[in-house]
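Written below as structure tokens is the structure these notes are about.
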Amino acid sequence: MAKILVTGGCGFIGRHVTEELLENGYEVRILDAMIDQVHADAEASVPDAAEVIRADVRDKAAVKAALDGVDGVLHLAAEVGVGQSMYEIARYVGGNDLGTAVLLEAMIDMPIRRIVVASSMSVYGEGRYETASGEAQGLVRRKGSDIKAGRWDLQGPDGQALMPVATDEEKPVDLASIYALTKYTQEKQVLIFGEAYGVEAVALRLFNVFGAGQALSNPYTGVLANFASRLANDQPPMIFEDGAQRRDFVHVRDVARAFRLALEQPQAPGHVINIGSGQAYTIAEVASLLAEAMGVPDIKPDILRKARSGDIRNCFADISKARELLGFDPAYRLENSLGPFAEWVRSTGAIDRGAEMRKQLEERGLVS
Ligand SMILES: NC(=O)c1ccc[n+]([C@@H]2O[C@H](COP(=O)([O-])OP(=O)(O)OC[C@H]3O[C@@H](n4cnc5c(N)ncnc54)[C@H](O)[C@@H]3O)[C@@H](O)[C@H]2O)c1
């Protein structure tokens, strides 16, 4: 039976990955620092069958011990949050980049067959765009002056409207936040290491992951979790800009399966692979679907008409590569999964820290 180390295995995605591996006959060891921002309000419930080592991924001796007897590594440990990364810079770079560096150094001379790292759609910056006549665009970015003036949609060089289309892995990255920069560095470190040391390496670029077990009280991650915490406390979800921005929501069980497939499939090594649902939803649409699922359809979102620094307008996944290389086929759709998600939210007593998050960002001039 293969033994797998899951770093960050006590986190939202890590716990589902752990379950997926155990259900499929793997032995699992977790290394997790149980950071306060994620674990302060609730004890992480990981399956008894998994061995848990509580340590920081920057602690080389602990990581060496955790790697003992392990065949594969799934590296999910990270500080997670775009907005917060813009002012807690050392914390994000330290936890994510130095953390990955220490893990890889500890892997030298260890017989690890494969490593899969959790990267993020945030590395793309804006997703792919084309003109109304179907002409593909290269890198596009919003100008600060347009955002300030409330022109949130993307425009071509001649001011023509640009349409968002599904984003594939060939889209050049455009790093617009410190978080995105650290995720890109993590994926590059892992792929470069794999090439140099003959370790099979895979990077999964996850889109917006949702499902039971999300850190509802951590206002820096997960738009669905933020909205759910607001609604559970009879508060309107806060939407930056106008709510027409589009994202791809992928169920955490699908993501967990993708990690197992990335560990198993022979064609995966050396690749960066999108893991999304392949469907796009506007943020306003998501807020209203969720309010309905939570039984409070009358709570309308608070459309702030302000932009958050580092945010992008549209990005949703082209998952052809995941289908081809991993045999990945999403089993869940957002609109069919919000009922169980809402039930879980209601059962957890979410604390709403949305206003606190907004204040933190506004005080630092990161909202305009
Ligand atoms: N949730 C999403 O929508 C999403 C999207 C794209 C990528 N990702 C990536 O997936 C991974 C897991 O995300 P998540 O949503 O489960 O986050 P999470 O915060 O729930 O879990 C992260 C876990 O890592 C642990 N951790 C953090 N820093 C650590 C350190 N220095 N040493 C050891 N453990 C540490 C935390 O205690 C936590 O248990 C992250 O790498 C994240 O960047 C998540």
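The values are calculated or read from the model by the stated rules, or taken from the named source; none is laboratory data. Computed from a predicted model, the values in this text were never measured in an experiment. Positions of Cβ are backbone-derived with ideal geometry, glycine not excepted, and every protein chain shown enters the neighbour counts. Accessible surface areas use protein heavy atoms only, side chains included; no ligands, DNA or RNA. Shrake-Rupley method; radii C 1.70, N 1.55, O 1.52, S 1.80 Å.
Are any of the residues in region 255-262 of a type outside the set (Gly, Ala, Ser), open to solvent by less than 20 Å² (accessible area, probe 1.4 Å) and part of a strand (DSSP E or B)? Checked against the condition, which is being of a type outside the set (Gly, Ala, Ser), open to solvent by less than 20 Å² (accessible area, probe 1.4 Å) and part of a strand (DSSP E or B), region 255-262 yields no hits at all. Taken together, PRO269, PRO330 contain a single residue that is within 17 Å of the chain's Cα centre (by Cα) and under 25 Å from VAL117 (Cα atoms), which is PRO330. Away from the ligand (no atom under 16 Å from the Cβ) and out of contact with any Lys or Arg (no Cβ under 7 Å at 6 or more places or on another chain) - does that describe any residue in region 62-85? Yes: region 62-85 contains one or more residues that are away from the ligand (no atom under 16 Å from the Cβ) and out of contact with any Lys or Arg (no Cβ under 7 Å at 6 or more places or on another chain).
All of ALA180, ALA201 fail the test of being among the hydrophobic types (A, V, I, L, M, F, W, C), at negative phi, within 12 Å of the ligand (Cβ to nearest atom) and open to solvent by less than 30 Å² (accessible area, probe 1.4 Å), apart from ALA180. Within the span defined as region 22-34, one or more residues are under 30 Å from ARG308 (Cα atoms), open to solvent by less than 60 Å² (accessible area, probe 1.4 Å) and in a loop (DSSP other than H, G, I, E, B). Of the set (1) outside any helix (DSSP H, G or I); (2) more than 9 Å from the ligand (Cβ to nearest atom); (3) more than 18 Å from ASP97 (Cα to Cα), all apply to VAL6 but (3).
Only one of the numbered conditions (1) in contact with a strand residue (DSSP E or B) (Cβ under 9 Å, 6 or more places away or on another chain); (2) not in a loop (DSSP other than H, G, I, E, B) is violated by ILE112, and that is (2).
Using the structure shown, decide if ASN208 is touching a residue at least 60 places away in the same chain (Cβ under 8 Å), open to solvent by 30 Å² or more (accessible area, probe 1.4 Å) and away from the ligand (no atom under 14 Å from the Cβ). Criteria not met by ASN208. Whether any residue in region 104-114 is within 13 Å of the ligand (Cβ to nearest atom) and at pLDDT 95 or above is what I want to check. Yes; the residues of region 104-114 include at least one that is within 13 Å of the ligand (Cβ to nearest atom) and at pLDDT 95 or above. Being more than 16 Å from the ligand (Cβ to nearest atom) and within 27 Å of GLU362 (Cα to Cα), is that true of even one residue in region 214-230? Yes, region 214-230 has at least one match. Could we say that ALA78 is open to solvent by less than 60 Å² (accessible area, probe 1.4 Å), within 25 Å of GLU195 (Cα to Cα) and not in a helix (DSSP H, G or I) here? In short, yes.
Is it true that VAL93 is surrounded by fewer than 22 Cβ atoms within 10 Å (Cβ to Cβ), more than 9 Å from the ligand (Cβ to nearest atom) and among the aliphatic types (A, V, I, L, M)?
On the way: surrounded by fewer than 22 Cβ atoms within 10 Å (Cβ to Cβ): yes; more than 9 Å from the ligand (Cβ to nearest atom): yes; among the aliphatic types (A, V, I, L, M): yes.
Spelling it out, VAL93 is indeed surrounded by fewer than 22 Cβ atoms within 10 Å (Cβ to Cβ), more than 9 Å from the ligand (Cβ to nearest atom) and among the aliphatic types (A, V, I, L, M).
Scan region 118-136 and tell me whether some residue there is open to solvent by 20 Å² or more (accessible area, probe 1.4 Å), more than 21 Å from ILE275 (Cβ to Cβ) and within 13 Å of the ligand (Cβ to nearest atom). No, the conditions are met nowhere in region 118-136.
Total residues in region 144-156 satisfying the condition of being touching a strand residue (DSSP E or B) at 6+ places or on another chain (Cβ under 9 Å) and either part of a loop (DSSP other than H, G, I, E, B) or open to solvent by 50 Å² or more (accessible area, probe 1.4 Å) (or both): the figure is 4.
Residues in region 14-47 that are within 11 Å of the ligand (Cβ to nearest atom) and in contact with a helix residue (DSSP H, G or I) (Cβ under 6 Å, 6 or more places away or on another chain): HIS16, VAL17, LEU31, VAL46. Taking (1) open to solvent by less than 40 Å² (accessible area, probe 1.4 Å); (2) at pLDDT below 95; (3) within 18 Å of the chain's Cα centre (by Cα) in turn, VAL46 satisfies each apart from (3).
Only one of the numbered conditions (1) away from the ligand (no atom under 14 Å from the Cβ); (2) of a type outside the set (A, V, I, L, M); (3) in a loop (DSSP other than H, G, I, E, B); (4) modelled with pLDDT of 95 or more is violated by ASP56, and that is (1).
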